[in-house]
Amino acid sequence: MSDTIVDRRDDSSSGPPPASRPRPDGSQAVKASSLAGAWRRFAMRRGIALVVNIVLLVLVTFFIVQLIPGDPAAAIAGEDASQTEVDQIRVELGLDQPWPVQLGTYLVQVAQGDFGTSFQYKVPAMQIVGAAAPYTFAIAFTSLIIFLVVGLALGMAVGIITRGDRHRWLDHSFNIGAGIVSSIPAYVQATILVTVFAVWLAILPPAYSPAYNVVQSAILPIAALSIGCIASVARIVRREAAVILEQDYMRTARGWRLRPATLYAKHLLPNLLTTALTLSGIILTALLGSTLIVEAVFAWPGLGSVVVQAISEYKDYPVIRASVFVIGAISLMFNLAIDVVLGLIDPRTLGDDRG
């Protein structure tokens with residue numbers, strides 16, 4: 001009887017049979033499998049969305065030139081040309097065809113990577129855009145890095161200093177100042193910068209010129225694009241930092257007397273990166289549009305100058321279409337890259353609730 005009791009106790013204390021016991025690494029395997037599935041679904045969703053957006057972008061680039069006033073054939077022929085000469089140029093450019101025929105021809109060309117030949121320069125439109133695009137993207141992405149780093153650091157610093165309603169005067173002054181600066185258009189800031197640093201102080205070139213160093217010529221355009229964005233990012237990051245600093249885990253970390261470098265760099269910064277990167281993807285789209293305008297202020301030889309000339313002087317449809325497509329495609333690819341980085345930082349941003 002005692003042996004039987006002992007055996008039963010042994011059986012009851014031994015836990016569930018081996019087949020029903022969880023594997024030591026079972027939860028990790030399930031978690032890894034769920035994460036891999038989330039990435040696959042994310043890649044499928046974003047891949048389909050990217051294709052759809054590219055198709056829509058191609059259609060927009062075709063129809064947008066129809067809204068531009070003026071006749072490309074008349075612009076190319078000149079003021080003294082006869083109507084017969086204008087009609088002949090229109091036939092040569094294919095502008096005499098119905099727009100469905102023009103659209104079909106355009107789609108076939110774009111599918112082959114050809115956006116047509118420039119009406120004015122008689123070279124492939126993408127060749128002109130390819131020569132100007134590096135100048136535009138150089139100042140645009142430099143501005144992106146600057147406003148992301150400076151805006152994140154500034155907003156984080158002000159959020160830490162004003163934590164728990166400390167230094168309320170600084171909090172209010174920062175919000176008001178950042179709001180005012182972010183509301184000033186980039187081209188107005190560009191004009192102010194030229195007046196101050198090029199005219200009054202005469203320490204920087206007022207516009208791009210081969211006579212000046214290209215780095216010196218780029219300082220004012222980059223500053224004009226960065227200042228407002230820095231204010232926007234810093235203002236939102238400060239608000240986000242104020243919320244995060246009052247979370248329970250941050251209070252616990254402060255209770256453990258962690259060093260500031262560990263407390264803020266390890267526990268606060270990763271949470272703010274999600275906000276900052278999301279903002280950078282949104283701001284970049286507007287930044288690329290502002291870049292085209294700022295380039296005109298500083299005579300920067302980028303896509304802005306190309307688009308302005310193509311619209312105002314030549315009505316150069318192929319160049320306009322190629323420029324708009326390149327800008328739109330870069331914006332789409334950058335936003336996709338931001339989403340991938342966010343997914344690596346925080347898998348919850350993959351937008352998948354399963355697993």
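Quick notes on this structure:
- Qualifying residue in the range 259-280 (condition: of a type in the set (A, V, I, L, M, F, W, C), at negative phi, in contact with a Ser or Thr (Cβ under 9 Å, 6 or more places away or on another chain) and modelled with pLDDT under 85): yes
- Wholly within the range 1-99, helices (runs of 4 or more DSSP H) carrying at least 2 residues that are at pLDDT 80 or above and more than 23 Å from T349 (Cβ to Cβ): 26-64, 72-77, 83-93
- Of the residues contained in the range 227-238, none is found to be without any contact (Cβ under 8 Å) to a residue 60 or more places away in the chain, within 20 Å of A157 (Cβ to Cβ), surrounded by fewer than 16 Cβ atoms within 10 Å (Cβ to Cβ) and out of contact with any strand residue (DSSP E or B) (no Cβ under 8 Å at 6 or more places or on another chain).
- On the stretch given as the range 307-333, residues that are touching a Leu at 6+ places or on another chain (Cβ under 9 Å) and either among the small types (G, A, S) or within 23 Å of A190 (Cβ to Cβ) (or both) total 10.
- Scanning the range 145-155 for residues that are surrounded by fewer than 23 Cβ atoms within 10 Å (Cβ to Cβ) and in contact with a helix residue (DSSP H, G or I) (Cβ under 7 Å, 6 or more places away or on another chain) yields a total of 4.
Here's the yes/no breakdown for (1) at pLDDT 90 or above; (2) among the polar types (S, T, N, Q); (3) not in a helix (DSSP H, G or I):
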residue	(1), (2), (3)
L154	yes, no, no
P205	yes, no, yes
S209	no, yes, yes
Q216	yes, yes, no
P221	yes, no, no
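- Residue list for the range 110-139, filter: closer than 14 Å to T61 by Cβ, surrounded by 16 or more Cβ atoms within 10 Å (Cβ to Cβ) and not hydrophobic (A, V, I, L, M, F, W, C): G116
- Some residue of the range 293-315 being in contact (Cβ under 8 Å) with a residue 40 or more places away in the chain, among the hydroxyl-bearing types (S, T, Y) and touching a Ser or Thr at 6+ places or on another chain (Cβ under 6 Å): no
- Enumeration of residues in the range 299-322 that are of a type in the set (D, E) and part of a helix (DSSP H, G or I): E313
The values are calculated or read from the model by the stated rules, or taken from the named source; none is laboratory data. Predicted model, so just to flag it, every value in this text is computed and none were measured. Quick reminder, even Gly has a Cβ in these numbers, built from the backbone with ideal geometry, and neighbours come from all protein chains shown.
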